[in-house]
Structure formats: structure tokens, C-alpha cells
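The values are calculated or read from the model by the stated rules, or taken from the named source; none is laboratory data. Just so it is clear, the structure is predicted and the values come from calculations on it, not from any experiment. Ideal geometry is used to build each Cβ from the backbone, glycine not excepted, and the neighbour counts take in all protein chains shown. When the accessible area is computed, the model is the full protein with side chains, heavy atoms only, and any ligands, DNA or RNA have been set aside. Shrake-Rupley method; radii C 1.70, N 1.55, O 1.52, S 1.80 Å.
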Amino acid sequence: MAEAGASLRRALERITVVEGDITTLDVEAIVNAANERLAPGGGVCGAIHRAAGPELARACAAIGHCATGDAVITPGFGLKARSVIHAVGPIWHGGEVGEDSLLASAYRRSLELAAEKGIASIAFPAISTGIYGFPAERAAAVAVRTVADTLARQALPERVLLCCFGAASAELHRRALTELMAAEPP
Ligand code: AR6
């Protein structure tokens, strides 16, 4: 138990909350909050497609589909990031139809895919908390817990940025991180 706690703590130390526009970050991969059709949409997805250029939509169309809770990878094209991992979070339906585990799965699959591809640094937006309506505080707790649990099992990515759009979202993620850290032995 003590060892599991120590490895979770080390995993938490690999996570940083930042505030800003994910398309500007200098990381090896950024995660897109995508839809199952992998179609360019609004929100962070729209921003990523605009910054990457039209080749990104073509690469997504060639893949065609990604189930909710899963993730696929494409090049980053015009982005600084070498790759984009398209993760599909759940649409919020009230919290009783598996939204938490589907959201956790979207984070976990993104990190597993990143590790498979040798990606050392990655940034996530707050998946599902915009157009898909997932409550922000609950999503932040799921995000931080899932990223930490997954990092505790894999060496890559070495560094994970949780890229929050706005101060309120950043505060929720920092608090979730602090709470988990406080629960772990030093
Ligand atoms: N950088 C970082 N975060 C951002 C940015 C940005 N440039 N722009 C918005 N956010 P959303 P969802 C935040 O709606 O809820 C799309 O049409 C935003 O404030 O982008 O998963 C897709 O194609 C929020 O906190 O994604 C899907 O159809 C978070 O990113 C659908 O929306 C996620 O909000 C996915 O909805």
C-alpha cells in the first residue's frame, strides 16, 4: 500500500495545470476533445483544426470514427505539437449512464496511445466540459485521478499539462491535484 501511495505521488508530480490556449503549447502531443465522427467542430476542436490546417480534417476523415471513451492519433500538421490525439469524451446525460467511467477512459486511452508512440510530453483540454456539458468540478476530479493512476503504471508521457481555458477551470484542476496530493504519503 505504502509503495502504491508513493508511486501515485510521483505520478502527481508529473502533472502541471496551465491556463491558456492549447494550440500554442510546445509539447509533443496535444489532445483534442473530439466527437465520434472525428469531424471538425466548435470549442477546442475548432481551434485545433484552425491552427493545424485542413490536412488535419483529411487525416481525421481517413480514420473515420472513434468510439466514446477511446482515442486515435494523427500528425499535428501546422501545430507546434508533432501529434494530435483525438479523444472522445461522453456527452453529459445527468451522470447516471457511465459518464465518469467514459471520461476516465478517454484520458486513459490517450495516455496509453501516447506511451505507445513514445510521446514524452502531452497537453489535455478539459474534455467534455464545454459543448458536451459535463460538470466542470466533477470532470476535473476524474481527469486528475485518472491521469495520475495511469502515469503510475507507465513511464511515458513524462510530463502532462492540463491546459485549462480560463482561471475558474484552472482553479478546479489545481484544487483536485492538491487534494489528491494531500491524501498521499510523502
Ligand atoms: N484551449 C484549451 N481549452 C479550450 C480551448 C482552447 N483553445 N477552447 C475551448 N477550450 P469543448 P467538449 C475548453 O466544447 O465539451 C466540439 O464541437 C473549453 O472551455 O471544446 O468535449 C467537438 O467536435 C472546455 O473547458 O469540448 C465535439 O463535437 C474544454 O475546452 C464537442 O465539441 C472542452 O470544451 C466536444 O465537446
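The figures follow:
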| item | result |
| --- | --- |
| Volume per residue of the C-alpha convex hull in region 118-158, rounded to whole Å³ | 68 Å³ |
| Share of carbon and sulfur in the accessible heavy-atom surface of the chain [1.4 Å probe, %] | 55 percent |
| Projected area averaged over orientations for region 1-90, convex hull of C-alpha atoms, nm² | 6.9 nm² |
| Electrostatic dipole magnitude of region 84-170 [Cβ: Lys, Arg +1; Asp, Glu -1; Cα centre; debye, to 20] | 200 debye |
| Cα lying deepest toward the dipole's positive end in the chain, options A29, A136, A183, charges on Cβ | A29 |
| Dimensionless Rg over Rh [region 84-186; C-alpha; Kirkwood] | 0.95 |
| The chain - charge dipole about Cα centre, Lys and Arg +1 at Cβ, Asp and Glu -1, debye rounded to 20 | 320 debye |
| Theoretical ellipticity at 222 nm over the chain - DSSP helices of four or more residues, -39500 (n - 2.57) apiece, nearest 500 | -14000 deg cm²/dmol |
| Selection from A104, V88, A61, by position along the positive dipole direction of the chain (Cβ) | A61 |
| Binned Cα-Cα distance frequencies in the chain - 10 Å width, integer % | 10, 40, 37, 11, 1 |
| Other-chain or far-sequence residues with amide H under 5 Å of V17's (modelled H) | L162 |
| Kirkwood hydrodynamic radius of region 21-64, from inverse mean 1/r over distinct Cα pairs, in Å | 10.7 Å |
